[in-house]
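Remarks on the structure that follows.
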């Protein structure tokens with residue numbers, strides 16, 4: 001802190017110069033002032049020889065401290081290490097939680113038995129539609145029917161070629177393209193597909209599709225539709241049973257009115273049977289064919305690796321991770337500063353206030 | 001009294017110890033006289049002197065030559081120790097019985113003894129702040145700039161205060177007893 005300097009009064013300055021001359025032992029100094037200096041100095045308190053000897057010894061030994069019974073622990077290194085560990089944990093947590101868009105999530109599939117048992121049931125229902133007996137729900141063990149849906153997002157350098165490959169992969173597993181939308185220009189653009197593949201080959205299909213580009217996200221879901229399936233099958237079986245009963249009654253009818261009435265009921269039964277057949281086939285398709293929704297987008301630049309994409313950990317990935325770690329570290333440091341700076345300012349203000357208070361208390365000791 | 005003492009921060013421990021010992025040899029008497037003038041108690045002055053040098057020894061690295069001379073730094077430490085002691089003890093003991101016996105020359109024994117007794121009485125009657133300034137100026141031999149550093153005031157203010165203290169001392173010496 002720079003103090004304001006004021007100019008000394010010339011008379012005061014002159015007397016101070018005379019005092020300095022007397023203090024310096026100048027022969028031309030004012031005699032009265034020189035005598036005062038001499039007398040004051042002669043009256044200066046002198047150290048007792050014993051005290052001087054003790055102090056000399058302490059200075060010579062470098063003011064040794066009394067031995068501590070318990071060594072004081074230096075906590076600075078421990079605190080520094082703890083701070084580093086905390087910062088690292090925060091950084092790791094932020095890095096791990098910052099890429100939710102690129103993570104592939106899988107919904108655990110409902111435990112389902114599809115395949116041989118399911119095909120067996122389908123065969124029974126299908127045979128029923130062609131006139132054979134409907135499946136007996138009470139007799140056969142209950143088979144779980146599961147509708148499976150997968151959403152797959154891919155990035156690729158050539159959307160058009162990938163779109164073609166998606167179609168080929170779908171057909172190779174016995175599936176079909178339910179709908180598609182492709183918009184490309186010079187290999188760049190986007191494409192979306194809704195694919196239906198046999199549920200038994202869903203995993204195979206997803207594996208093939210995943211190889212066509214960088215997987216940005218993968219979501220799988222499963223819904224148990226056993227109840228809907230069984231209901232549709234039961235309605236269909238009842239309608240068929242009714243039809244058989246009506247046909248037997250018609251064979252035994254003798255009057256024209258009875259025959260006419262039975263034919264009308266058979267016609268109603270035929271319409272109901274057709275409706276139940278469509279419902280049953282719809283539910284069966286949901287169980288037998290899984291839906292795969294595929295979105296294909298082009299990479300930012302041709303040949304550029306996709307951030308967060310699959311594959312091995314390349315030097316580019318390492319560089320991106322390093323940048324990310326630096327970003328997070330800078331963020332942690334910024335947050336730390338936001339906390340520490342106000343605390344430091346408060347501490348500085350408190351220190352200044354305490355210093356001023358301490359000075360005032362000391363000066364007060366000189367009050368007469 | 002006017003010695004140039006240096007105590008560089010980057011000194012080796014041995015060099016620093018030698019430098020500190022030189023400072024001690026050059027200023028020990030002045031620090032004790034200053035402490036005695038402030039406290040007016042021999043044992044308290046000894047305690048404060050020892051404390052001041054010990055603190056200075058431990059805080060050697062805190063000395064910054066750009067903020068003043070080493071003597072001003074040392075007397076600042078001594079002043080804080082003395083004021084702390086004053087505040088702690090809440091008493092000011094008389095030095096009269098502890099004063100060393102003067103050994104005046106035979107031909108002016110009576111006159112010198114009388115003059116010193118007058119000066120001693122005048123000093124004892126001064127305000128503690130004036131007595132402190134007299135001690136810093138006459139015993140320690142500090143310049144006004146150094147006194148300003150010790151007291152935490154400006155150099156011109158220090159000069160004015162020294163001038164007033166000396167004027168009051170001279171006035172007290174010439175006042176009828």
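The label point for residue A:259 and the one for residue A:241, both projected 7 Å from the Cα toward the Cβ, are 2.9 nm apart. Where in the stretch A:311-339 does the label zone of residue A:89 land, with the point 7 angstrom along Cα→C-beta and an amide N cut-off under 14 Å? It comes to no residues whatsoever. Note down the Stokes-Einstein diffusion coefficient of the stretch A:142-277 in µm²/s, whole number, using a Kirkwood radius over alpha carbon pairs, 4 °C, and 1.567 mPa s. Taking Rh from Cα pairs, D becomes 69 µm²/s. Averaging the sequence gap over all C-alpha pairs within less than 8 Å and six or more residues apart, then dividing by the number of residues, gives the stretch A:232-286 a relative contact order of 54 percent. Distances between every pair of Cα atoms in the stretch A:195-341, grouped in 10 Å steps from 0 to the bin holding the largest one, split as 9, 19, 16, 15, 12, 10, 8, 5, 4, 1, 0 percent. Under the simplified labelling scheme, the residue A:249-residue B:167 pair shows an inter-label distance of 13.8 nm, with each label point 7 Å from Cα along Cα→Cβ. For the pair residue A:337 and residue A:82, the difference between a 0.36 nm per residue extended length and the Cα-Cα distance amounts to 90.1 nm. Once the chain from residue A:217 to residue A:168 is taken as fully extended at 0.36 nm per residue, the excess over their C-alpha distance is 15.5 nm. Each residue in B:174, B:163 was given a count of other beta-carbon atoms within 10 angstrom of its own, and listing them fewest first yields B:174, B:163. In this structure, residue B:117 and residue A:354 have a Cβ-Cβ separation that, at R0 = 56 Å, corresponds to a calculated FRET efficiency of about 0.80. The fraction of Cα-Cα pairs per 5 angstrom bin, counted from 0 for the stretch A:215-292, comes to 3, 14, 18, 14, 11, 10, 9, 6, 5, 3, 2, 2, 1, 1, 0 percent, rounded to whole percents.
Could you line up B:138, A:193 from fewest to most neighbouring Cβ atoms inside 10 Å? Don't skip to the answer; put the middle values down first.
Working: B:138 29, A:193 21.
Starting with the residue having the fewest Cβ neighbours, the order is A:193, B:138.
Given their separation in residues at 0.36 nm each and the Cα-Cα distance between them, residue A:344 and residue A:314 gain 6.5 nm when the chain is fully extended. Working from Cα pairs under 8 Å separated by at least six residues, relative contact order for the stretch A:179-221 is 24 percent. When B:20, B:63 are arranged by Cβ crowding within 10 Å, least crowded first, meaning fewest neighbours, the order is B:63, B:20. Going 7 Å from the Cα of residue A:285 toward and past its Cβ, which residues in the stretch A:227-265 have a backbone nitrogen under 20 Å from where you end up? Only A:227-237 fall inside the zone, counting backbone N under 20 Å.
Taken together, the values in this text are just the output of simple stated rules run on the coordinates, not laboratory data. The model shown is predicted, which means the values in this text are computed figures rather than measured ones. For neighbour counting, all protein chains shown are included, and Cβ atoms are generated from backbone atoms with ideal geometry for every residue, glycine included.
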